[in-house]
Amino acid sequence: MPDAVHELRLRGDLAGAFRLAERAGEGRPDPAAALCAAGLRMMQGASVEALDRIAAAMREIEPGDDLLLGDAHRLRALVRRFCFAPEPALESLDVARRHYAAAGDPRRTARLRSDEAHLLLTGDPRRAASVAAEAIAEADRLGMDRAAAEARHAAALALVQQGDLGAAEAMLAVALATLSRSGSRTALARARWTGSLLLLRTDRVDEALAVMAGCLGDLHRAGAYPAWIIAGAELCGWQGRPSAVFAALAADAAGTMQAPDGADAVEAGIRSYLEIVTGLRVIDDYRFAAGSTAVMDGFHNRNVPRDDRVIRIPLPEAEVTDLQTWDEALVLAAVRRRVPAAPVLLAVSRRPPFQIHERIEGTRLDLLHPRGQALPEHLLRQLTEFLTSLRDLRRQDLPPLPPDWPRDGDCTGFANRMLHISRAIFERHRNAFGAMWERLGFPIDPLRNIDFGRLSGRPFAFLHADLHRANMLVRPDGTLFVVDWEFATWGDPVYELAANLHKTGYPADQERIVRQAWEKDRPTPSHAARLADIELYIAHERVKAVLIDSVRYAGTLRRRPNDPDAITLVRDLTTKIGEAYRVWGFDSPPPESAVEAALAGKGE
C-alpha cells in the first residue's frame, strides 16, 4: 500500500485513500494496487464491489505469487468477517494460510492468527482464546504492535464470553493504548465498540453510551464498517438503552452497505454475534413469543409473558388510531429512573422488531374497578400524582421530535393532527360500516362539530396520551404502574387531562378531585379557557371512541356471535353512543337491543 494511501486510511479518510489507490493502478495491470482499492471499499461496506475487485485482481496475479494470492484470500476473509459471516471467512483464511506458508512469510501469518481469533469467537470461544494467545506471542516476538493489539482485542472478547470481565478490561486497555498510538482511527473505533460492551456488561451504562456514541460517530464520519454501526445500535437496544441518534446512524449505515448474501444475512449474523458476546438470549425470547399461545390483550402488540418479562411484538395489521410520535422503546428509555410508575425496558430489537419489558405482577385496574366505578383513595392519589409528575419531564430528556412537528404552543396544530387520524379512521371504514353507523343514528359527518381552531395556546408538555384503567396495573402492595407508552407524545397538556377523564370514566366527585389536582400550580387567568378546551378535547374523544369501538365490536360479534363478552361490549358501546349523541346535539340514543342488532349485522 503506498505511503500516502496508508496515511489517509489511518486518519479515517477512506474516500481520499480510495481515490489515491485508484490512481495508483491506472494505466497498467497492478494487482497489488487493485487489492488495496478493494480493501478500502471493504472498509466502506461496499462488500459486493470489494469481492468483484478481488476476483479481478486475482486474474492478474501470477500463479506462483503466493504473497499476493494470500493477500487476496485474506481480504476475502475480511470482507466476510465484517459482514458477520464467520464460516466463509474462515474458509478463505485457510486458503490464505497455505499461500503464506508456501511463501514463508511469518509476519503475514501472524496477522492471520489475529483474524482467526476474531472469527472463532462466534463458534469456538475456547479455541479463539487459545489462538489469540498464540497470535499475541507471535506478534510481540516479531515487533508487530498493530497485529498484537488486534489479537489482544480478540482475547478480550474471548474473556468476556468466559465471564472474566476484569481480565477482559485489562486486556482491552493494552489493545486500546497500542491502537491509539498507531493512529488507526477505525481500528481504534472497533476496539472502543468492545469497550462499550464491557461497560454495559458491568452496568456502567452512561459511560458505555458515551463511548459508543464516540465510536459510532467516528465510524460514521469515516464512512467505515457500516455493519458495526448497525451492530452497535442494536447492542445498546439489547441492553435496554436504545438511542434515536444511534438508530439514525444505523439507518444511514444500512443504506450504504452492500452485502454479498443480502442485508438479512448480515442482520442474522449480527444477532448471532450479539447473543454470543452479550450472553443475552433476546432472540430466543422472540422465538418463544412468536410461537406462544399465551398472549395478553392488546390491539397494537402481541404481548407474551415469560418468567419475569413480557415480550412485546408489534402487530403489522394494527390500525393507526392515535398519534405515534416516537418509538415506544425510546420513550421508556427516556423516562427510565424519572417515572417510577413506568415498566423497565429490558431490551429492544430493530430487526425483527420487538421489545422486552419487565413483567409487572399485578391486576389491571379496569378488572378491579371497571369504568364508572370509584377508585380507592390510595389509587386515586397515585393516579393524580402520576398525571402531575409528567410535567417535570423536559424536552431535552426526550427523543427528537419529527421535523414537521407543531411549534411549541401551537395547540391547534397539535390537535388537528389527532383530528386528521380520526377522519382517516372514518373514511377507511365508511364503505364497510356506513350502513351500521346509519342504523345507530350517526350523522353523515360525525366529526363536524370538532373545531380545534378555537383552542388556546399554551406551552407543550410530555403526555402519556393513553392513560385509562386497562393501561394501569395494581401490584399486590397497592402500587400503581402505567403501561402501554406507544402513544406518548409532546403536545398540549390539556389533552392529557381530557383524554384521561374521558377514558377512565370517574364518578363526578372523583373527576373533580382529578381536575383540581391537575390544575394545581397552573396559571389562574387561563382557567376558563382550559375548561373550554377540555370539553372540546373530550368531545373529540367521544366521537373517535364510537367510531373505533363500533368497528372493533362489530368485528368481534360477527366473527364470534356467541362471544361470552358480547353483553359487556354492547353495554359499553351503548354508553359511548349516548355520550357521542350529546356531542352531536341528538336526543334519544339507541337502546342496547338496537346496538346489538346493528353490531351483529342483523337486517343488513
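Can you work out the Karplus-derived ³J(HN,Hα) for every residue in segment 208-221? Use 6.51 cos²θ - 1.76 cosθ + 1.60 with θ = phi - 60°, whole Hz, and x for glycine or proline.
Using θ = phi - 60°, the values come out as 4, 5, 5, 5, 5, 4, x, 4, 5, x, 5, 5, 5, 5 Hz.
Compute the distance from the alpha-carbon center of segment 220-272 to that of segment 142-172, in whole Å.
Segment 220-272 and segment 142-172 have Cα centres spaced 23 Å from each other.
Specify whether the C-alpha gyration tensor of segment 252-372 places it in the rounded, prolate or oblate class, a ≥ b ≥ c being the square roots of the eigenvalues: rounded for a/c under 1.5, otherwise prolate if a/b is larger than b/c and oblate if not. Don't skip to the end; give the middle numbers.
Working: a/c = 1.88, a/b = 1.72, b/c = 1.09.
Because a/c hits 1.5 or more and a/b exceeds b/c, segment 252-372 counts as prolate.
If you line up the Cα atoms of segment 320-435 on their principal axes, what length do they span on each, largest first, in Å?
Projected onto the principal axes, the Cα atoms of segment 320-435 cover 44, 38, 37 Å.
Can you compute log10 of I(q)/I(0) for segment 167-259 with the Debye formula, treating each Cα as one identical point scatterer, at q = 0.12, 0.13, 0.16, 0.24 Å⁻¹?
For segment 167-259 at q = 0.12, 0.13, 0.16, 0.24 Å⁻¹, log10 I(q)/I(0) is -0.34, -0.40, -0.61, -1.21.
Rounded to the nearest 0.05, what FRET efficiency do Arg306 and Glu275 have when you use their Cβ-Cβ distance and R0 = 25 Å?
Approximately 0.90, to the nearest 0.05.
So if I place +1 on the C-beta of Lys and Arg and -1 on the C-beta of Asp and Glu, and nothing else carries charge, what would the dipole magnitude of segment 1-158 be about its Cα centre? I want it in debye, nearest 20.
Once rounded to the nearest 20, the dipole reads 280 debye.
Where does the Debye-calculated log10 I(q)/I(0) of segment 1-133 sit at q = 0.12 Å⁻¹, using only Cα point scatterers of equal weight, no solvent?
Normalising to I(0) and taking log10 leaves -0.46.
Per residue Cα convex hull volume for segment 84-200, in cubic angstrom?
98
State the volume of the convex hull built on the alpha-carbon positions of the chain, expressed per residue in Å³ and rounded to an integer.
Considering the Cα atoms of the chain, their hull volume per residue is 189 Å³.
Taking a ≥ b ≥ c as the square roots of the Cα gyration tensor eigenvalues, with a/c under 1.5 meaning rounded and otherwise prolate when a/b beats b/c, else oblate, which class fits segment 148-193?
Because a/c hits 1.5 or more and a/b exceeds b/c, segment 148-193 counts as prolate.
If you line up the long axis of helix 14-24 against the longest principal axis of the chain, both from Cα atoms, how many degrees apart are they, to the nearest 10?
Between the helix axis and the principal axis of the chain, the angle is about 40 degrees.
Cα centroid distance between segment 483-538 and segment 388-448, in Å?
16
Given the alpha-carbon gyration tensor of segment 371-424, what are the semi-axes of its equivalent ellipsoid in whole angstrom, ordered largest first, with each equal to the square root of 5 times an eigenvalue? Walk me through the intermediate numbers first.
Working: eigenvalues 175, 73, 15 Å².
Taking √(5λ) for each eigenvalue gives 30, 19, 9 Å, largest first.
Could you work out the per residue convex hull volume over the alpha carbons of segment 250-292, in cubic angstrom?
For segment 250-292, the hull spanned by Cα atoms encloses 90 Å³ per residue.
Grab every C-alpha pair in segment 430-514, bin the distances at 10 angstrom width from 0 up to the longest one, and report whole percents.
With 10 Å bins starting at 0, P(r) equals 14, 29, 34, 19, 4.
Would segment 34-108 count as rounded, prolate or oblate if I go by the C-alpha gyration tensor, calling it rounded below 1.5 in a/c and otherwise prolate when a/b exceeds b/c, oblate otherwise?
Here segment 34-108 falls in the oblate category.
Kirkwood hydrodynamic radius (Cα pairs, Å) of segment 216-317?
Numbers: mean 1/r = 0.0660 Å⁻¹.
Answer for segment 216-317: a Kirkwood hydrodynamic radius of 15.2 Å.
So what is the calculated 222 nm ellipticity per residue for the chain, using -39500 (n - 2.57) for each DSSP H run with n of 4 or more, over all residues, to the nearest 500 deg cm²/dmol?
-20500 deg cm²/dmol
Projected onto the charge dipole of segment 108-258 (+1 at Lys/Arg Cβ, -1 at Asp/Glu Cβ, origin at the Cα centre), which of Leu120, Gly166, Gly240 gives the Cα projection farthest towards the positive end?
Working it through, the farthest residue towards the positive pole turns out to be Leu120.
Report, largest value first, the span of the C-alpha coordinates of segment 213-257 along each principal axis, in whole Å.
Sorted from largest, the Cα extents of segment 213-257 read 27, 19, 14 Å.
Stick to the Cα atoms of segment 501-604, pair each with every other, and give me the Kirkwood hydrodynamic radius in Å at one decimal.
Mean inverse Cα-Cα distance, inverted, gives 15.6 Å.
Where does segment 75-153 land on Rg/Rh, using Cα atoms and the Kirkwood Rh?
Value, to two decimals: 0.95.
Please compute the net charge surrounding Ala265, taking Lys and Arg as +1 and Asp and Glu as -1 over other residues with Cβ under 13 Å from its Cβ.
Here the charged neighbours net out to -1.
For the chain, what is the accessible area per residue in Å² when the probe is 1.4 Å?
43
Give the calculated FRET efficiency between Asp404 and Ala517 to the nearest 0.05, with a Förster radius of 41 Å applied to their Cβ-Cβ distance. All intermediate terms of the calculation are to be shown ahead of the outcome.
Values: r = 34 Å, r/R0 = 0.83.
Efficiency, from the Cβ-Cβ distance: 0.75.
Work out how much length Arg391 to Arg552 would gain on full extension: take 0.36 nm times their residue separation and subtract the Cα-Cα distance, in nm to one decimal.
On the way: separation 161, 0.36 × 161 = 57.96 nm, distance 3.33 nm.
The span from Arg391 to Arg552 would gain 54.6 nm if fully extended.
Using the Cα centre of the chain as the reference point, and only Cβ charges (+1 on K/R, -1 on D/E), how large is the resulting charge dipole? Debye, rounded to the nearest 20. Working shown, then result.
Numbers: 77 positive and 83 negative charges, 71 e Å.
Roughly 340 debye, rounded to the nearest 20.
Determine by what factor the alpha-carbon radius of gyration of segment 365-501 differs from 2.2 N^0.38 Å, reporting the quotient.
That works out to 1.24 for segment 365-501.
Using θ = phi - 60° and the Karplus form 6.51 cos²θ - 1.76 cosθ + 1.60, what ³J(HN,Hα) does each residue of segment 552-563 get, whole Hz, x for Gly and Pro?
Listing the rounded values in order: 4, 5, 4, x, 5, 6, 7, 7, 10, x, 9, 4 Hz.
Report the Stokes-Einstein translational diffusion coefficient (µm² s⁻¹, integer) for segment 345-391, Rh taken as the Kirkwood radius over Cα pairs, at 25 °C with viscosity 0.890 mPa s.
Values: Rh = 13.6 Å.
For the chosen part, D equals 181 µm²/s.
How big is the dipole moment of segment 451-521 about its Cα centre under a simple scheme where the beta carbon of each Lys and Arg is +1, that of each Asp and Glu is -1, and everything else is neutral? Debye, nearest 20, please. Provide the component values of the computation, followed by the final result.
On the way: 8 positive and 11 negative charges, 28 e Å.
About 140 debye.
Residue by residue, what Karplus-based ³J(HN,Hα) values in Hz, rounded to whole numbers, does segment 61-73 have, using 6.51, -1.76 and 1.60 with θ = phi - 60° and x for Gly and Pro?
Once θ is set to phi - 60°, the couplings for segment 61-73 become 7, 4, x, x, 7, 5, 5, 5, 5, x, 4, 5, 6 Hz.
Can you send over the carbon and sulfur percentage of the accessible area for the chain, probe radius 1.4 Å, protein chains only?
Heavy-atom surface of the chain belonging to carbon and sulfur, 1.4 Å probe: 51 percent.
The values are calculated or read from the model by the stated rules, or taken from the named source; none is laboratory data. Small disclaimer: the values here were computed from a predicted structure and weren't measured. We place every Cβ from the backbone using ideal geometry, glycine too, and count neighbours over all the protein chains shown. What goes into the accessible areas is simple: the full protein's heavy atoms, side chains included, and nothing from ligands, DNA or RNA. Shrake-Rupley method; radii C 1.70, N 1.55, O 1.52, S 1.80 Å.
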